[in-house]
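Here is the structure we will look at, set down as structure tokens.
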Amino acid sequence: MTAVRVIAVFTLRESLRRRVFAVVGVLTVAFLALYGLGTWQLHRDINDVGFNQLGVEPNVIVGATLLGLAMFGTMFLGTVLAVFLTLGAVRGDAERGLLQPLLVRPVSRRTLLLGRYAAAAAVCAAYVAAVFVAATIITWAFGGWWPDHLLLPAIGLALAVAILAAVSLAGSVFLSATANGIAVFMVFGAGLVAGLLGQIGEALSSGTLQNVAEVASWLLPFEGLYQAALAGLTADTVGFTRLAINLGPFGRAQSAGPGLWLWALVYLGLVGVCALRGFARRDL
Amino acid sequence: MVCLVPAALSVSALVKTYGSVHALVGVDLEVGEGELVGLLGPNGAGKSTVVKVACGLVTPTSGRAEVCGEPAGSVAAHRSLGYLAELFRFPDWCTAHELLELHQRLAESEGGAVERAELLELVGLPDAGETRVGTMSKGMQQRLGIAQALIGSPRLLLLDEPTSALDPSGRRTVRALLEELRGRGVAVLLNSHLLSEVELVCDRVAIIDHGALVAAGTPAELSHAGGVEVETAGGTRVFAAARRDDAPGIVRELVAAGEEVYGVRVLTSSLEDAYLEAVGGS
């Protein structure tokens, strides 16, 4: 484990020196500031309209919708971070001659890959969890609404980006950095589209669309985890407010059963095995 | 008597194919403890592939490669190995000390700051510890690469074109370093295009062409005799089949025949001639 830690620390130090974290930090603060401004403005407008006379709780609808939107943004930012920290980790670094000096040390290829993954996954998972919690606090501060569940959505998002980091790292074994980056973003996009199709299918009671979304959730479990995280925000909300939320863009998200969480962990393991086997056979 | 100490590098019947390309077609090579062996060959001959197989960076199609008795590519083999790739790069954001420290940790070297300072001194970069790699010249990076390869006192050093970016003074530093390493008992496989350099420092030379070993021996063995040249009043005469020992007899015969001899020169082919002969060049 010492060598894994050495590689992970060196990887993190590189991101620090290259000011990756500084740039991400500044832009995240800007994102949260804009989110705060929008949240404050929307809650003020809603209160002026007086939605609560219709029997629904406007702060819940606005809070859940905005936090769902923030969750989408957080997931996207976390994915960007995961992809850029890993897209050239193997083939890219090997082509530049950075990898070979490390691989002739008494360290297995598995150790090197685990070190790179540990660094990327830890940073991305911590990042999305922290941004999600910050957005939640902002929503509560300006709108007085707190989600029904906080921990599970945060863990769901963290696991989703950890899976994307693993997919990107595995892709770096087989693809050049550019091809890998494009591939992972397209997979990410495909997952999001499948999730949206599922929500539309749920709203229109279309069995075909729901099936497509379900299959996509199993093939790309990060999407299923994201949907589960969204669903967790208003899992205990009922009545007219529930109906109103369902009409919104994030209202039809599907909650995941324990099977998805288990599958997500198995999927992570399978991606890891593919990456390790591919790396072990690769001539450098 | 059986030698119990395994060779620093032992390669036998090594074959490597990339699709339809035969990079190595059965190479046998051995580098003994403390021996300095030069690996020569034209571009694409398979020199770097041999080195990469020894490092475990490339898996052979068949054959065997061992480093100090351990299978090439194993963690145990890597403990005895230092390597400088032909096309290497170090992270440009870190300093020389940080880079060496990373390799010390991975190599489980306990040399600490003393080892780092000693190695930088050895490669002629005593004041570069806090210099960022990105601001170093290519030559400085190559010296740093050699220092990196020496972390943990390896028993076998694999150097793939270690002087390609160095100026004459840098090359001299590396030559002196190689001689010092030989004194310390470190075995070196030096892959180089610079024949003069190989001739100057190597105990043995192996020449590879089209993936096969085509010649091997000491530089003196490979630089075989090429006749005797005698300068007489009637012009220069070459006795192509004659060797050094034949020179006095030739002179005696010429004098006896009434020739006036002004000079005698024993001809030997250079390593370059031997190399070109081995690889079929002109």
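Details
- Assessment of region A:207-224 against the conditions (modelled with pLDDT of 90 or more and touching a Lys or Arg at 6+ places or on another chain (Cβ under 9 Å)) yields no matching residue.
- Out of B:231, B:197, B:259, sole residue that is surrounded by 14 or more Cβ atoms within 10 Å (Cβ to Cβ) and part of a loop (DSSP other than H, G, I, E, B): B:259
- Screening region B:51-62 for residues that are under 22 Å from the mean Cα position of the chain (by Cα) and more than 8 Å from chain A (Cβ to nearest Cβ) and picking the one that is farthest from residue A:280 (Cα to Cα) gives B:51.
- Looking across A:160, A:125, one residue alone is touching an Asp or Glu at 6+ places or on another chain (Cβ under 9 Å) and either at pLDDT below 95 or of a type in the set (A, V, I, L, M, F, W, C) (or both). It is A:160.
- Lone unmet requirement of (1) more than 14 Å from chain B (Cβ to nearest Cβ); (2) part of a helix (DSSP H, G or I) for residue A:56: (2)
- When restricted to residues that are out of contact with any Ser or Thr (no Cβ under 8 Å at 6 or more places or on another chain) and facing another protein chain (nearest Cβ under 8 Å), region B:63-81 contains 4.
- Selection of strands (runs of 3 or more DSSP E) fully inside region B:1-116 by the criterion of at least 3 residues being surrounded by 22 or more Cβ atoms within 10 Å (Cβ to Cβ) and out of contact with any Asp or Glu (no Cβ under 6 Å at 6 or more places or on another chain) returns B:9-18, B:21-31, B:36-40, B:81-84.
- Any hit, region B:160-182, residues being more than 11 Å from chain A (Cβ to nearest Cβ), on the phi > 0 side of the Ramachandran plot and not acidic (Asp, Glu): no
- Selection within region A:214-231 - buried (at least 24 other Cβ atoms within 10 Å of the Cβ) and of a type outside the set (Ser, Thr, Tyr): A:221, A:222, A:223, A:224, A:225, A:227, A:228, A:229, A:230
- First in region B:51-64 and on the phi > 0 side of the Ramachandran plot, second anywhere and at pLDDT below 95 and of a type in the set (S, T, N, Q), Cβ under 7 Å, 6 or more apart: B:63/B:12
Residues are listed down the side, and each one gets a yes or a no for (1) within 30 Å of residue B:138 (Cα to Cα); (2) surrounded by fewer than 17 Cβ atoms within 10 Å (Cβ to Cβ); (3) modelled with pLDDT under 95:
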position: A:3; (1), (2), (3): yes, no, yes
position: A:11; (1), (2), (3): yes, no, yes
position: A:49; (1), (2), (3): no, yes, yes
position: A:60; (1), (2), (3): no, no, yes
position: A:71; (1), (2), (3): no, no, yes
position: A:77; (1), (2), (3): no, no, yes
position: A:90; (1), (2), (3): yes, no, yes
position: A:95; (1), (2), (3): yes, yes, yes
position: A:109; (1), (2), (3): yes, no, yes
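- Number of the exception - residue B:251 against (1) in a helix (DSSP H, G or I); (2) at pLDDT 80 or above; (3) touching a helix residue (DSSP H, G or I) at 6+ places or on another chain (Cβ under 6 Å): (3)
- Any hit, region A:233-248, residues being at pLDDT 90 or above, over 16 Å from the mean Cα position of the chain (by Cα) and surrounded by fewer than 19 Cβ atoms within 10 Å (Cβ to Cβ): no
- Looking across A:19, A:110, A:105, A:91, one residue alone is over 20 Å from the mean Cα position of the chain (by Cα) and within 9 Å of another protein chain (Cβ to nearest Cβ). It is A:105.
- Residue check for residue A:34: at pLDDT 90 or above and surrounded by fewer than 16 Cβ atoms within 10 Å (Cβ to Cβ): yes
- For region A:179-199, a residue qualifies if it is of a type in the set (Val, Ile, Thr) and either in contact with a helix residue (DSSP H, G or I) (Cβ under 6 Å, 6 or more places away or on another chain) or in contact (Cβ under 8 Å) with a residue 40 or more places away in the chain (or both), and exactly one does: A:184.
- The residue of region B:117-133 that is surrounded by the most Cβ atoms within 10 Å (Cβ to Cβ), among those that are assigned to a loop (DSSP other than H, G, I, E, B) and out of contact with any Lys or Arg (no Cβ under 8 Å at 6 or more places or on another chain), is B:128.
- The criterion of being away from chain A (no Cβ under 14 Å) and modelled with pLDDT under 95 holds for residue B:41.
The values are calculated or read from the model by the stated rules, or taken from the named source; none is laboratory data. Quick caveat: nothing in here was measured; it's all calculated off a predicted structure. For neighbour counting, all protein chains shown are included, and Cβ atoms are generated from backbone atoms with ideal geometry for every residue, glycine included.
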